[in-house]
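Student: Before anything else, here's the structure in question.
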Amino acid sequence: MPKKYNIEVIPTPPRHTPIGKFEIERGADCINCGRCAIVCIYEVHKRQEEDLRSMAEPVVYRCKGCFSCIQECPRATLTIRDGTDYSRLGDSYWTPEIINTNWYQAETGKIPVSGAGYRGPFSGEGFDSMWTDMSEIVRPTRDGIHGREYISTVVEIGRKLPAIKFDSHGEIVSPIPSTINVPLPIIFDMLPFGRFENVYGAMAKAASYLDTFMIVDAREGFMGEGQKAKGKRQKARWEESHLIPYITQPTIHGFDVDWINACKMVELEYEEDVMGVVNEVKTLNPGTSISVRVPFGDNVAGIVEELTYAGIEVIHLYADLNGQTFGKSLIKNASQQTFRKSLLIKDMTQNVHRHLVDLKIRDDVTLIVSGGIAMAEHVAKAIICGADLTAIDLPLLFALECRYCKNCQEDLACPVELKDVNSEWGAQRMINLIGAWRNQLLEILGAMGLREVRRLRGEVGRAIFLENIEKETFDNVFAREVSHDANG
Amino acid sequence: MAETVKTRIEELVGDEARVIDGDFERELYSMDIGEVPFAKRLFDTTPELVIMPKSVDALKKIVRFANDEKAALFPRGSASSGLGGVVPTVKGIVLDLSSMNKIVELNSEKETVKVQTGVRWSDLEDFLCPETLSLRAYPSSFFSSVGGWIATGGYGIGSYRFGHLKDQIESIDVMFPSGEVKAIESKEKEFARFFGTEGQFGIVLSAVLKLRKTPEKALPHLIYLESAEDAFVFITGLINAELKPNHIKYMDVSHLEEINTFLGEDLFRLKDAVLVEFEEEEEATKFCEFAEGRGILADDYLSNYLWHERLFPMKKRGNMPTPLACEMVIPIANAVSYLKAAEIFLKRCGVDVEVESHIVGKDHALLMLTYMSDVREPRTYLTHMSLIPVLTRLGLKFGGVPYGIGIWNTPFINDKYDTKTLELYRAYKKEVDPHNILNPNKFFAVKTKMANIPGIMFKPRIFRPLIRISATVIPILGKLASPKGDHKEESVLEKIVYSCIKCGSCAAVCPAYLVTNEESVTPKNKLYLAKKLLAGDAISKIDSDKIFLCTHCEMCRAVCQNDLDLVTAWTELEKLLESEFGAPEEAIRDFVSTMESSEDYWRFVYNAQKI
């Protein structure tokens, strides 16, 4: 048995009191009976450490609203209400729920719970309109997701051969393209804000621990932990690091040769004649994997097709922060009217994946998808839509307590002082977050009866799509109309 | 000797009883609610051992052992009487029966319940509540035990309608000093002997109480009347009118004045008043017609307030902390004359008295004369104390009998019982308790330390002339010795230690007491320790540690008859003890975890909201 990949989570309390979903007030006629502390499984209620006879103030941010304490309190002296600032967290995409559960996972490393029942949407836009199939739910529960049955989350970055040719002596004649193994289908993308050295330090430590990668903007000259002090880029250390330098406008500005020599993989901004640079890099360091960063936008499938035929092994498709594609696409609605609308990565990823499958070149390229990956389930859903792996950004900041208040974008003070984050602490919070995400991925895979995440790619049969259900349910109703039109 | 007795008893009963021999704890069992400073000089009030039997079997073994050894036994309920009925007189064993508190059997059809006598009336009512059954009459000290009320008075709330306690009990199980257990039915002639005889003949183990359907309503009405005379005329009229009140209670003007002071608002009129409670709408309407023109009906909310307060009768009055009371059962016809005579006498002594009376039958009233004194000023206090026998003696002239005997009313035993009854009782005592191990040296006759020389005073023939002397002397002394009232009381604790009247209501609702079963954790006894501490007496760490076994739940505060600010006091007391002994962290941890894993505790917590 190969050694199991395991993420060790260590509870890491927040530095600032997080904004809770609920507020709980302990009334004056509390008799310190301790019932609340017994029934609360989230450690909201506890006895005072210095005097066990009295109850401590409730740690309200941990409350999941399960109402146990409210129902069980013999004196009916506990009051629960919505947290005052909670609804103001984030925005319509990065909902308070998302931010809050990511905080929870970063603190505890545990799979989030929703308290009094799951009130999931089961409908809506983007990933919300997809439900993963859990019909084999018996499997992981047999002895848990970390049980005897090993579920692999390893993905390969690079080209995969459809077949291998041997010569008459049994020697392999096909050139085997080099691939990079990542133990989980999540890498760290560049941050939209909060690009402080200690934040990067935390990311680098976490990426290194997790054995995954982080993409850094080559212009920012980020170097691995401790290298800046030495003032010199040391090759040996660079190879150890888990960096993917991102080079913008390589055709105009060129690139730093050191980066190419040092890294296993580089990412180039997509330009029409990017292939020239790619060839240059390949000559410089044939071992380097090259990813081209292509925006989800008009004709993205065409660009991917073109790049794949040109021999690019990795394509990083990115949407905006909210998972919306750039530019507007032509859409036909049910009544055959066309209009322009920006799509979501769920649909665009499917389009690209389908296109490559139709061309029978899907395995020639690895697709990294990013933009709006906010929860563990988004990773699985993006993969079902056809991604090989995902890159995440904002959740990493949430791990560092970011409230997505956007103060920093207006030059206001950061309420959680991101700048002063201790990178050890930050790294552990990120590790906890990813640990929790991976466990959820394992649960999903286990429940589907899959034993490796690579099998999940494009497995649309393992998901239910709202639009398909709507079609199946309502098409009969509308079909008559359509056929009538046809006859007419 | 205590050591060996302890070992032998422990061998005998094993886990079935708890044997307590700590100095401070034994001291706690040396008193009841009466403050009698000279009690220790007359008697060995501190028992050698305290035993809490948990089963009849264990109790039997202990009783047999005591009988063989001729060791005195002092059974004890919640000690909320004040005449010394549970106070040890010689070195011996106190039997704390509070653990024998099982509700044995409820018969919903016959509407009876069999209970062990250690059960508290309040707990019993809580138990009956979901069955829509209720107690008939119950004592105004609602937190006291069933056994306690059997052994002492037997009159309380509802006695007008349901009569004396013995009329509400079908049968009792009694354990005699020989260890023999006997079931006695109410029709047997032996039955009545166990009521009001303060544990002289046997230990009442269990009783079958008659119940009734929970009344749908409580309709109290308060009527203001011009004088005590008017009030008793009104009451007599009410009785003759054959209305069916559940309870009738008279209160004098100073009682209502005290309540006003206590509430800080002039809610009640400053008049004498009668509180009548009905359970049937029809009867209440008839009553209102009856009362029309005879008195002034008070607002409903005032009547309801007083009705609710019936279970919290002992409010603090004035500046002085120690209440003294004289309780007598007196013919209604003579009540006013007696009250007038008593008032004249007390006025001469410079004492303000307050009167309450429960009408306990068609022609008898239980009169309670209460006045305040200060135990911190021994001379005044002793003078005030000696008023009680004078008042009792006065009551006898008006056909009254003392409500209880205990130690301090022994001189009146001949007045409570006629010669024939007393002779019968003496003979019965000899028959069932030949070695005189149950509550010796009280009730029938007092025998004190020092060859009983002080005890001679308690002999009725000597006592009467003494009273006559005091009746003349006290008015002079009383005026001279009026309390100075210049005690400096800085902290809440200092303010309230002397105000506790040890009624024990707090013990009934104390979760710490429930969990630990230790007398020393009850609020009243914590205040006793505080009193010692403040007086500069030595306290051991063991006793200090017990003080910390408290959840600061404030339940004691909620039921405190004197409305003492107990929880603040606990914080102060703990601070004092912490500076001297430190907080017992391990004991606290054990306490909290025992508490949280105790089923009884959770049952208690969920029931407690009803209080």
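The values are calculated or read from the model by the stated rules, or taken from the named source; none is laboratory data. Predicted model only: the values in this text are computed from it and were never measured. Heads up, the Cβs are rebuilt from the backbone with ideal geometry, glycines too, and the neighbour counts pull from every protein chain shown.
Student: If you take the residues of region B:443-489 that are under 27 Å from B:SER499 (Cβ atoms) and not in a loop (DSSP other than H, G, I, E, B), which of them is modelled with the highest pLDDT?
Tutor: Among those that are under 27 Å from B:SER499 (Cβ atoms) and not in a loop (DSSP other than H, G, I, E, B), it is B:ILE474.
Student: Take the residues in region B:523-539 that are over 23 Å from B:SER505 (Cα atoms) and among the small types (Gly, Ala, Ser); name whichever of them is surrounded by the most Cβ atoms within 10 Å (Cβ to Cβ).
Tutor: If we take residues in region B:523-539 being over 23 Å from B:SER505 (Cα atoms) and among the small types (Gly, Ala, Ser), then B:ALA535 is surrounded by the most Cβ atoms within 10 Å (Cβ to Cβ).
Student: Let me ask something else. Take B:MET320 and decide whether it is in contact with a Pro (Cβ under 7 Å, 6 or more places away or on another chain), of a type in the set (A, V, I, L, M, F, W, C) and farther than 20 Å from B:PHE142 by Cα.
Tutor: Numbers: in contact with a Pro (Cβ under 7 Å, 6 or more places away or on another chain): yes; of a type in the set (A, V, I, L, M, F, W, C): yes; farther than 20 Å from B:PHE142 by Cα: yes.
For B:MET320, the condition - in contact with a Pro (Cβ under 7 Å, 6 or more places away or on another chain), of a type in the set (A, V, I, L, M, F, W, C) and farther than 20 Å from B:PHE142 by Cα - is met.
Student: Quick one: B:ASP545 ticks every box in (1) under 20 Å from A:ARG47 (Cβ atoms); (2) part of a helix (DSSP H, G or I); (3) within 11 Å of chain A (Cβ to nearest Cβ) bar one, so which box is it?
Tutor: (3)
Student: List pairs: first residue in region B:274-290 and in contact (Cβ under 8 Å) with a residue 24 or more places away in the chain and under 17 Å from B:GLU216 (Cα atoms), second residue in a helix (DSSP H, G or I) and of a type in the set (Lys, Arg) anywhere in the structure, Cβ distance under 9 angstrom, at least six positions apart or on different chains.
Tutor: B:GLU277/B:ARG310; B:PHE278/B:LYS286; B:GLU279/B:ARG161
Student: Give B:ILE150, B:ILE103, B:ILE172 a once-over and let me know the one that is free of Cβ contacts under 8 Å to residues at least 60 places away in the same chain, surrounded by fewer than 23 Cβ atoms within 10 Å (Cβ to Cβ) and among the β-branched types (Val, Ile, Thr).
Tutor: B:ILE103
Student: For the structure I just gave you, tell me whether B:THR551 is within 14 Å of chain A (Cβ to nearest Cβ), touching a Lys or Arg at 6+ places or on another chain (Cβ under 8 Å) and of a type outside the set (Asp, Glu).
Tutor: Yes, satisfied.
Student: Can I ask one more? Take B:CYS510 and decide whether it is within 12 Å of another protein chain (Cβ to nearest Cβ), touching a residue at least 24 places away in the same chain (Cβ under 8 Å), in contact with a Cys (Cβ under 7 Å, 6 or more places away or on another chain) and under 26 Å from B:ILE51 (Cβ atoms).
Tutor: For B:CYS510, the condition - within 12 Å of another protein chain (Cβ to nearest Cβ), touching a residue at least 24 places away in the same chain (Cβ under 8 Å), in contact with a Cys (Cβ under 7 Å, 6 or more places away or on another chain) and under 26 Å from B:ILE51 (Cβ atoms) - is met.
Student: Do the conditions hold for B:VAL559, that is, is it surrounded by fewer than 20 Cβ atoms within 10 Å (Cβ to Cβ) and within 14 Å of another protein chain (Cβ to nearest Cβ)?
Tutor: Considered against the rule, which asks whether it is surrounded by fewer than 20 Cβ atoms within 10 Å (Cβ to Cβ) and within 14 Å of another protein chain (Cβ to nearest Cβ), B:VAL559 comes out as no.
Student: Still on this structure, I have one more. Would you point out the residue of region B:567-590, among those that are hydrophobic (A, V, I, L, M, F, W, C) and more than 13 Å from chain A (Cβ to nearest Cβ), that is farthest from B:PRO523 (Cα to Cα)? Write out each step before concluding.
Tutor: Here is the first cut: in region B:567-590, the residues hydrophobic (A, V, I, L, M, F, W, C) are B:567, B:569-570, B:573, B:576-577, B:581, B:583, B:587-588.
Still in the list and also more than 13 Å from chain A (Cβ to nearest Cβ): B:569, B:573, B:576-577, B:581.
Working: B:ALA569: 10, B:LEU573: 11, B:LEU576: 16, B:LEU577: 16, B:PHE581: 20 Å.
In this case the residue turns out to be B:PHE581.
Student: Moving to a separate point now. Please specify each residue of region B:170-180 satisfying the condition of being over 14 Å from B:GLU105 (Cβ atoms) and in contact with an Asp or Glu (Cβ under 6 Å, 6 or more places away or on another chain).
Tutor: The answer is B:PRO177, and nothing else.
Student: For region B:317-411, which fully contained helices (runs of 4 or more DSSP H) count at least 3 residues that are touching an Asp or Glu at 6+ places or on another chain (Cβ under 8 Å) and in contact (Cβ under 8 Å) with a residue 24 or more places away in the chain?
Tutor: In region B:317-411, the matching helices (runs of 4 or more DSSP H) lie at B:332-348.
Student: Same structure again: For region B:55-169, please list each of the helices (runs of 4 or more DSSP H) lying entirely inside it that holds at least 2 residues being of a type in the set (Phe, Trp, Tyr). Let's see the steps before the verdict.
Tutor: Numbers: elements: B:56-69, B:121-128, B:146-151, B:159-162.
The qualifying helices (runs of 4 or more DSSP H) are B:121-128, B:159-162.
Student: At negative phi and under 25 Å from the mean Cα position of the chain (by Cα): is that true of B:ASP44 in this structure? Let's see the steps before the verdict.
Tutor: Working: at negative phi: yes; under 25 Å from the mean Cα position of the chain (by Cα): yes.
In short, yes.
Student: Kindly check whether there is at least one residue in region B:591-603 that is in contact with an Asp or Glu (Cβ under 9 Å, 6 or more places away or on another chain) and more than 11 Å from chain A (Cβ to nearest Cβ).
Tutor: There is no residue in region B:591-603 that is in contact with an Asp or Glu (Cβ under 9 Å, 6 or more places away or on another chain) and more than 11 Å from chain A (Cβ to nearest Cβ).
Student: For region B:295-324, how many residues are modelled with pLDDT of 90 or more and surrounded by fewer than 19 Cβ atoms within 10 Å (Cβ to Cβ)?
Tutor: Qualifying residue count for the region: 7.
Student: Moving on to the next point. Would region A:81-95 turn up any residue that is at pLDDT 90 or above and within 23 Å of B:TRP602 (Cβ to Cβ)?
Tutor: Scanning region A:81-95 turns up no residue that is at pLDDT 90 or above and within 23 Å of B:TRP602 (Cβ to Cβ).
Student: Report, by residue number, each residue of region B:239-251 that is closer than 19 Å to B:VAL329 by Cβ and surrounded by fewer than 22 Cβ atoms within 10 Å (Cβ to Cβ).
Tutor: Result: B:ILE239, single match.
Student: Report whether or not A:VAL379 is assigned to a strand (DSSP E or B) and touching a strand residue (DSSP E or B) at 6+ places or on another chain (Cβ under 6 Å).
Tutor: No: the conditions fail for A:VAL379.
Student: Which one is farthest from the other protein chains (Cβ to nearest Cβ), of the residues in region A:23-69 that are surrounded by fewer than 16 Cβ atoms within 10 Å (Cβ to Cβ) and of a type in the set (D, E, K, R)?
Tutor: My answer is A:GLU25.
Student: Does region A:70-85 hold any residues that are more than 14 Å from chain B (Cβ to nearest Cβ) and closer than 24 Å to B:GLU554 by Cβ, and which are they?
Tutor: Those that are more than 14 Å from chain B (Cβ to nearest Cβ) and closer than 24 Å to B:GLU554 by Cβ: A:ILE70, A:THR79, A:ILE80.
Student: Having 1 or more residues that are in the same structural domain as A:THR349 (by TED's automatic domain parsing) is the bar; report the helices (runs of 4 or more DSSP H) wholly within region A:392-487 that clear it.
Tutor: Correct list: A:394-399, A:423-448.
Student: Hey, can you tell me all the residues within region B:28-65 that are closer than 27 Å to B:ILE453 by Cα and of a type in the set (Gly, Ala, Ser)?
Tutor: Initially, region B:28-65 is screened for residues closer than 27 Å to B:ILE453 by Cα, giving B:28-49.
B:SER30, B:GLY34, B:ALA39 - these are the residues of region B:28-65 that are closer than 27 Å to B:ILE453 by Cα and of a type in the set (Gly, Ala, Ser).
Student: I've got another one for you. Within region B:414-445, which residues are of a type in the set (Val, Ile, Thr) and in contact with a Ser or Thr (Cβ under 8 Å, 6 or more places away or on another chain)?
Tutor: Taking region B:414-445 first, the residues of a type in the set (Val, Ile, Thr) are B:419, B:421, B:432, B:437.
Matches in region B:414-445: B:VAL432 only.
Student: Also: Select from region A:246-301 the residues that are outside any helix (DSSP H, G or I) and without any contact (Cβ under 8 Å) to a residue 24 or more places away in the chain and list them in ascending order.
Tutor: Taking region A:246-301 and keeping what is outside any helix (DSSP H, G or I), we get A:246-249, A:254-256, A:263-273, A:285-299.
A:GLN249, A:GLY254, A:GLU271, A:GLU272, A:ASP273, A:PRO286, A:ASN299 - these are the residues of region A:246-301 that are outside any helix (DSSP H, G or I) and without any contact (Cβ under 8 Å) to a residue 24 or more places away in the chain.
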